[in-house]
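The values are calculated or read from the model by the stated rules, or taken from the named source; none is laboratory data. Since the model is a prediction, treat every value here as computed from it, not as a measurement. As a convention, Cβ positions derive from the backbone with ideal geometry for all residues, glycine included, and neighbour counts pool all protein chains shown.
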Number of protein chains: 2
Amino acid sequence: MSMEKKLKRSFESLFYPGKVAVFGSVKEKKIGNQVITQMLNGNFKGEIFAVNPKGEKPEGYPSIPGMPDINEVQGGIDLAIITVPARFVAETLEKCGSGGVPIAVVLSSGFSEVGNIEGERRITEVSREFGIRVIGPNCAGIMNTKSSLFASIEVKALPGSTGFITQSGAVGGAVLAMAENRGIGFSKFVSYGNRADIGELELLEYLADDEDTDVIAMYIESIDRGFEFLRIAGSAAQKKPFILIKSGRSGSGMRAASSHTGSMAGADAVFDVAFKQLGIIRAAGIEEMLDLCDGFNHLPRLSGRDIAIITNSGGPGILTADRAEEFGLSVPEPGLKLKSRLRSFLSENCSLGNPVDLTVEGSGLNFKRAIDAMIEDKYSGVIAINVATPFLDSLELARGITGAGRGLKVKKPVAAVFMAGEIVEEAVEFLKQNNVPVFPTGERAAFVFSKLFEYYSHKHRAKETEEAGEKELPLTAPVLEPEAAAFLKEHDFPVPECIHIKSKDELEHRAGDLSFPLVMKVVSPEIIHKSDSGGVVLNIESMNRLRDVYPEIERKFSDRGFRGVLLYEQILKGVETIVGMKRDPLFGPVIIAGAGGVLAELIRDISIRIAPVDKLDAEEMISALKINKLLSGFRGGPECNRKALAELIVMLSQLSLEYPSLLEIDLNPVFVSEKDVVIADVRIIVE
Amino acid sequence: MSMEKKLKRSFESLFYPGKVAVFGSVKEKKIGNQVITQMLNGNFKGEIFAVNPKGEKPEGYPSIPGMPDINEVQGGIDLAIITVPARFVAETLEKCGSGGVPIAVVLSSGFSEVGNIEGERRITEVSREFGIRVIGPNCAGIMNTKSSLFASIEVKALPGSTGFITQSGAVGGAVLAMAENRGIGFSKFVSYGNRADIGELELLEYLADDEDTDVIAMYIESIDRGFEFLRIAGSAAQKKPFILIKSGRSGSGMRAASSHTGSMAGADAVFDVAFKQLGIIRAAGIEEMLDLCDGFNHLPRLSGRDIAIITNSGGPGILTADRAEEFGLSVPEPGLKLKSRLRSFLSENCSLGNPVDLTVEGSGLNFKRAIDAMIEDKYSGVIAINVATPFLDSLELARGITGAGRGLKVKKPVAAVFMAGEIVEEAVEFLKQNNVPVFPTGERAAFVFSKLFEYYSHKHRAKETEEAGEKELPLTAPVLEPEAAAFLKEHDFPVPECIHIKSKDELEHRAGDLSFPLVMKVVSPEIIHKSDSGGVVLNIESMNRLRDVYPEIERKFSDRGFRGVLLYEQILKGVETIVGMKRDPLFGPVIIAGAGGVLAELIRDISIRIAPVDKLDAEEMISALKINKLLSGFRGGPECNRKALAELIVMLSQLSLEYPSLLEIDLNPVFVSEKDVVIADVRIIVE
């Protein structure tokens, strides 16, 4: 049986077990006892066995059998829940593995989270050796609402269609408790803790194909297999909406940035870029995540950015419209035809702008009619707001809202905001039962609609990049500028003519090949910032000046690794840009393009993509820059060759994939002119 | 009696009435009946009278007297609540005024909000004529929890110390309902509706001095007396925290921007600047406002930006730390000494970083000890996070948290986050009763702490500006560049030498006074964008070239109002900036300084202040610019004369206050060099 098929079987065993063994003390207040309590409260349909040295039954549950080991169980155990102290976990797993248990969830803590690396390594080993798959250790358990399985001590999930995976058990617990409070349900819940064996990737793949799961939500603090994560997460996001909280400042290599390129791209910015490239919806916190889960589960594909706000009160409508526009949606006024349709049933006191204000007279029927009118017009989503008083029949308004869109075959593009608290509780309950998502404020509903639009307008297109065979790099550290320039030239990069001069003699014989004015740069493995060290001389206008400058440079750097100078023809025109690559330990080559020169130090103006970058990507990168205005012909200036710049970016991406030993490439500055693009300086760092 | 004293008396009558008359139908489901219901449910201690044509008693309340008019009431009515149809409101107010009622709250709608301007004007007139002050019309009523007065149909406010003023009755209702749900209380509530008489300014002044009000909260859509608002709101914010939601895209003059200066500063940006200058805390929506009300009521002055996070679970702590740093707070690690103090009572499994992670073992006692340890160290605020499971005794943790900081004389700088829902309800209730504010998430607590820090570190300092006497402007529209330059020169602005040439003859005789290279600019009332129209010639190096250029310009603009040319010496050095003023219809002169030239069109780099701007303000404006780096000597460049630029900004502010007829001044570009500052072009628009 293939690994994949085996894993799938283990997951079946995990989520649909017939017989579950709970290892560890089942005395009152012990975790083993609490897990059993939750399972029984959740009406688990299978059999539960308590396994502990003395074979005790769980306190308070005399009908659950207790036994010293699992051999007595006929037909074998499908799932082991392990709550024994850390030092007994490995041997418990061994016993389970020997006894044919396919999978275990280890709730016990006391492993890598407190420095017990060895103990955790042992779990991984046992898992491999005895063929038992493991979730945890140090996790909060698992749930499957479909099979009424609540093997966890957290709040029981309500049934729903969101599959939720969490690295932090506590965040898991908080999400479940907050979700219960809002009536938001889940298909499956997995807290994977320290991931000694099964981690987020296997779980993500499973949920991406899980029929009971329409939306995936995940909380993660650290990603340790970046390339794999990109592949699997990207594929999951193509199958269904994937909402992700990535917290914490990453300790990955991007933090300790050694070059300009590196310092411009913080680690978190790279995550952001990766998630956007893959169509993953990033949430900032738990409330946003829950809002998004609710919205993506109950709202349809948003076809455009025009939304309508229908309200029985001005203020909250305005707050919602303000925020919707901030999030990139439009709140356009109805056209004349729509207005006259609205006027046919709305009184003169009602404002027919957008928000449509039904005023306090707003009845359920008018909510229904107004929503229908807006949906049948150009609006792709509707936010219906009811601000109640203790004397208003909110249930009647809720009935109107659920009555709208009856003819639609798909889900209704309608979200409700019922403000607030006790006086609308019954109405909110009614809306939820009728699959209308309810948000605490209009602003939060607007946020969800903006993400719906973003997600569904994200284009999943095939990349136009060549497959990169990995080659051996003909460079060794430290790479001097002449070598770097020659290497790039060989790969057809637009590096200008330059001559490496190592003596006065060479200067006399070879400098004549170039046209003045020239630039002279010192060549030395010890000098990284050539300009700052006085190792660059600009505007050399004549042979005589050249003869003066060379010995000065030679003298200055004689005891600092002087290996001659490079002579370039000076580039005088074009927009100054920077193009660079930094290999991220997680995501591989990160490609950066941005403003160069003085601008680069005044403002942050960069675009980032993870390789491979194709032509369309590169063009998008350039268009997103502030200096795109300069490049496009600005204040009567010429239009620069943006196509050549895009090609350079693609070439850099390709080169970085071909040579895995390239760690960093800084092309800085790169001059983009009307005619072409020229690399005026290059720095390469290799492994 | 002074107006002010009279108003104060009216407010006494409004908030502490002995006898209240409710005008309008008191049949079941009518607003009059609902108001009486709320008043009775709120245990109003005074007397209520129902006044309606037939003298009917309120349905369901036989003990409340009904009467056809108020003359029968002995001792007179203190407060009239008016719910009659719009067309009867004015006459009802007349009767009340004649009968000596000092103040009325008009809930009736049907006035300016539906275009009935005349009806509303009539209310204003009656108010003046009959000496009765009016809140409303089209409002949601008033409450005073101290006097158990709930003259409104909204959810009854819980008692508290926030005074809340709202333009939108619906936002008022939503805030009250959401606040009730979270246990947040109010001192007074006023929905002022269409403000036919009393508006936000009078209410703000009252609450600023109200002893029962510690924090002021306000929701406003439009500000119509900008200068007054600045004065009163600024003074209120000095007395107590003032939290404001300003919604809606303002229709004020800044929107239809006619000049560069104008288009750079959107109307909302001006509000933002005004609020920041005055120390007003701006909230984006209702949830933020309630979080801030809770925080400012229960937390003390924050002395620094270092906060501590103490948690029993990793994930939510990390999310909180992430957000705190985004909001400008610090979450620094404990020092060695503090760490060893923490270690003395925390087990090895606990992380002593920041967040301090007490793990699931976190007991009430350890929460208490850890909070005390952090407060006694350098931390100015603590966020205590409990992520509960159904089996955790959250009440015990809550007791630990309320037990911390016992020795402190001021309020405790401790906020709690108890996650979440039903399982922590009892504990949350306990925390609130013990004055520990509880936030739904750590992120929201972090936001509140950041605003506490901002508010209390805002310096209230005396402005160093001279009183500006208002002078008559010696300019009329349209102002040509020679006149504008001369006007500025008279007022000691650094305008360079220039000569207005109106003929070839003059050119021959006068051009010699200037040093080449020169700049020639066309003078014409018809040409606003001189450069774009080809009306500016740069780099004129000789007398001969000048003789060529003049007739060209003359010919080009001969049929476009040609009035000669201006000759300037060309300024070749310095950093290009823009300094400008645009008179806002609400706030008066808005002063702007920013990057000029190409930069200005690539990036938004401007600072905005409302006049008067003193030297310190001007220096802050410059420091906040991205080009401050350029001005401060950048990449070996010289340090520019930032002091001279600051002086120019102050002069512009002063000039704008002196001449109210100046509508716009654009100094663009202004060159700032090592030595001085020079205005290279000027445009003035007058009334």
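Across segment B:219-251, which residue is nearest to the other protein chains (Cβ to nearest Cβ) among those that are aliphatic (A, V, I, L, M) and out of contact with any strand residue (DSSP E or B) (no Cβ under 6 Å at 6 or more places or on another chain)?
So in segment B:219-251, the residues aliphatic (A, V, I, L, M) come out as B:220, B:223, B:230, B:232-233, B:236-237, B:243-245.
Filter once more, so that each one left must be out of contact with any strand residue (DSSP E or B) (no Cβ under 6 Å at 6 or more places or on another chain): B:223, B:230, B:232-233, B:237.
On the way: B:I223: 14, B:L230: 22, B:I232: 22, B:A233: 19, B:A237: 22 Å.
Selected residue: B:I223.
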Exercise. Could you check B:R547 against (1) within 26 Å of B:D505 (Cα to Cα); (2) more than 14 Å from every other protein chain (Cβ to nearest Cβ); (3) in a strand (DSSP E or B) and say which number it fails?
Key: (3)
Exercise. Take B:G60 and decide whether it is over 26 Å from B:R122 (Cα atoms) and under 36 Å from the mean Cα position of the chain (by Cα).
Key: no
Practice problem: State all residues of segment B:292-326 that are within 12 Å of chain A (Cβ to nearest Cβ) and not aliphatic (A, V, I, L, M); if no residue qualifies, say none. | Solution: B:T311, B:N312, B:S313, B:G314, B:G315, B:P316, B:G317, B:T320, B:D322, B:R323, B:E325, B:E326
Quiz prompt | Residue identified as more than 14 Å from every other protein chain (Cβ to nearest Cβ), modelled with pLDDT of 95 or more and either in contact with a Gly (Cβ under 6 Å, 6 or more places away or on another chain) or surrounded by fewer than 24 Cβ atoms within 10 Å (Cβ to Cβ) (or both) among A:V410, A:V436, A:V414, A:V382 | solution = A:V436
Self-check item: Search result, residues across segment B:83-128 that are without any contact (Cβ under 8 Å) to a residue 12 or more places away in the chain and part of a loop (DSSP other than H, G, I, E, B)
Solution: B:G115
Self-check item: Verdict on A:I627 being surrounded by 21 or more Cβ atoms within 10 Å (Cβ to Cβ) and within 14 Å of chain B (Cβ to nearest Cβ)
Solution: yes
Quiz item: Can you spot a residue in segment B:569-592 that is hydroxyl-bearing (S, T, Y), crowded, with 16+ Cβ neighbours inside 10 Å and away from chain A (no Cβ under 14 Å)?
Solution: no
Practice problem: Could you tell me whether any residue of segment A:556-567 is part of a helix (DSSP H, G or I) and not assigned by TED's automatic domain parsing to the domain that holds A:L602? | Solution: yes
Quiz item: What number of residues within segment A:157-179 satisfy the criterion of being at the interface with another protein chain (Cβ under 9 Å from one of its Cβ atoms) and not in a helix (DSSP H, G or I)?
Solution: 3
Practice problem: Scan segment B:70-89 for residues that are more than 44 Å from the chain's Cα centre (by Cα) and acidic (D, E) and jot them down. | Solution: B:E72
Self-check item: Out of B:L655, B:L645, sole residue that is closer than 15 Å to B:A611 by Cβ, of a type outside the set (D, E), in contact (Cβ under 8 Å) with a residue 40 or more places away in the chain and surrounded by 17 or more Cβ atoms within 10 Å (Cβ to Cβ)
Solution: B:L655
Practice problem: Could you check how many residues of segment A:129-149 are over 17 Å from A:T83 (Cα atoms) and free of Cβ contacts under 8 Å to residues at least 60 places away in the same chain? | Solution: 4
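Determine if segment B:62-76 includes at least one residue that is crowded, with 19+ Cβ neighbours inside 10 Å, within 29 Å of B:G199 (Cβ to Cβ) and assigned by TED's automatic domain parsing to the domain that holds B:I198.
In the first step, residues of segment B:62-76 are kept if they are crowded, with 19+ Cβ neighbours inside 10 Å; the result is B:70.
Remaining after also requiring within 29 Å of B:G199 (Cβ to Cβ): B:70.
When the remaining residues are screened for being assigned by TED's automatic domain parsing to the domain that holds B:I198, the result is B:70.
Yes.
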Quiz item: Here are some residues: A:V89, A:V155, A:V73, A:V106. Which one is in contact with a Cys (Cβ under 9 Å, 6 or more places away or on another chain) and β-branched (V, I, T)?
Solution: A:V106
Quiz prompt | Only listed residue being under 25 Å from B:G115 (Cβ atoms) and free of Cβ contacts under 8 Å to residues at least 24 places away in the same chain, chosen from A:N354, A:N349 | solution = A:N349
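Within the group B:G574, B:G588, which residue is touching a strand residue (DSSP E or B) at 6+ places or on another chain (Cβ under 8 Å), within 30 Å of B:A274 (Cβ to Cβ) and in contact (Cβ under 8 Å) with a residue 60 or more places away in the chain? Quick ask: steps written out before the conclusion?
Values: B:G574 fails: within 30 Å of B:A274 (Cβ to Cβ).
One residue alone meets the criteria, B:G588.
Could you list, in sequence order, the residues of segment B:41-58 that are of a type outside the set (S, T, N, Q) and in contact (Cβ under 8 Å) with a residue 24 or more places away in the chain? Break it down stepwise before answering.
Taking segment B:41-58 and keeping what is of a type outside the set (S, T, N, Q), we get B:42, B:44-51, B:53-58.
Within segment B:41-58, B:G42, B:F44, B:K45, B:G46, B:E47, B:I48, B:F49, B:A50, B:V51, B:E56, B:K57, B:P58 qualify.
Conditions (1) touching a His at 6+ places or on another chain (Cβ under 8 Å); (2) surrounded by fewer than 24 Cβ atoms within 10 Å (Cβ to Cβ); (3) at pLDDT below 95, marked per residue:
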site: A:D78; (1), (2), (3): no, yes, no
site: A:R122; (1), (2), (3): no, yes, no
site: A:E125; (1), (2), (3): no, yes, no
site: A:V155; (1), (2), (3): no, no, no
site: A:G183; (1), (2), (3): no, yes, yes
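Does B:A80 fit the bill of being touching a Cys at 6+ places or on another chain (Cβ under 7 Å) and not in a loop (DSSP other than H, G, I, E, B)? Quick ask: steps written out before the conclusion?
On the way: touching a Cys at 6+ places or on another chain (Cβ under 7 Å): yes; not in a loop (DSSP other than H, G, I, E, B): yes.
Here the answer is yes, as B:A80 does meet what is asked.
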Quiz item: Would segment A:481-493 turn up any residue that is in a loop (DSSP other than H, G, I, E, B), more than 42 Å from the chain's Cα centre (by Cα) and not β-branched (V, I, T)?
Solution: no
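Could you check segment A:399-413 and list, in sequence order, the residues that are among the β-branched types (V, I, T) and either touching a residue at least 60 places away in the same chain (Cβ under 8 Å) or on the phi > 0 side of the Ramachandran plot (or both)?
We begin by selecting, within segment A:399-413, every residue among the β-branched types (V, I, T); these are A:401-402, A:410.
Residue satisfying the conditions is A:V410 alone.
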Quiz prompt | helices (runs of 4 or more DSSP H) (entirely within segment A:572-687) containing at least 2 residues that are within 26 Å of the chain's Cα centre (by Cα) | solution = A:615-623, A:642-658
Exercise. Return a yes/no flag: does segment A:144-156 have any residue that is farther than 24 Å from A:P440 by Cβ, assigned to a helix (DSSP H, G or I), among the basic types (K, R) and more than 14 Å from every other protein chain (Cβ to nearest Cβ).
Key: yes
Quiz item: Within segment A:97-120, restricting attention to residues that are within 14 Å of chain B (Cβ to nearest Cβ) and over 20 Å from A:G32 (Cα atoms), which residue is modelled with the highest pLDDT?
Solution: A:G119
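Can you confirm whether segment A:180-199 contains a residue that is closer than 19 Å to A:F229 by Cβ, away from chain B (no Cβ under 14 Å) and among the charged types (D, E, K, R)? Before you say what the answer is, go through the steps one by one.
Step one: filter segment A:180-199 for residues closer than 19 Å to A:F229 by Cβ, giving A:190-199.
Then drop every residue that is not away from chain B (no Cβ under 14 Å), which leaves A:190, A:195-199.
Subsequent filtering for residues that are among the charged types (D, E, K, R) retains A:195, A:197.
Taking every residue of segment A:180-199 in turn, at least one turns out to be closer than 19 Å to A:F229 by Cβ, away from chain B (no Cβ under 14 Å) and among the charged types (D, E, K, R).
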Practice problem: Would you mind telling me which numbered condition in (1) small (G, A, S); (2) touching a Leu at 6+ places or on another chain (Cβ under 9 Å); (3) within 13 Å of chain B (Cβ to nearest Cβ) A:A611 fails? | Solution: (3)
Exercise. Evaluate segment A:222-230: report whether one residue or more is on the phi < 0 side of the Ramachandran plot, among the basic types (K, R) and modelled with pLDDT of 90 or more.
Key: no
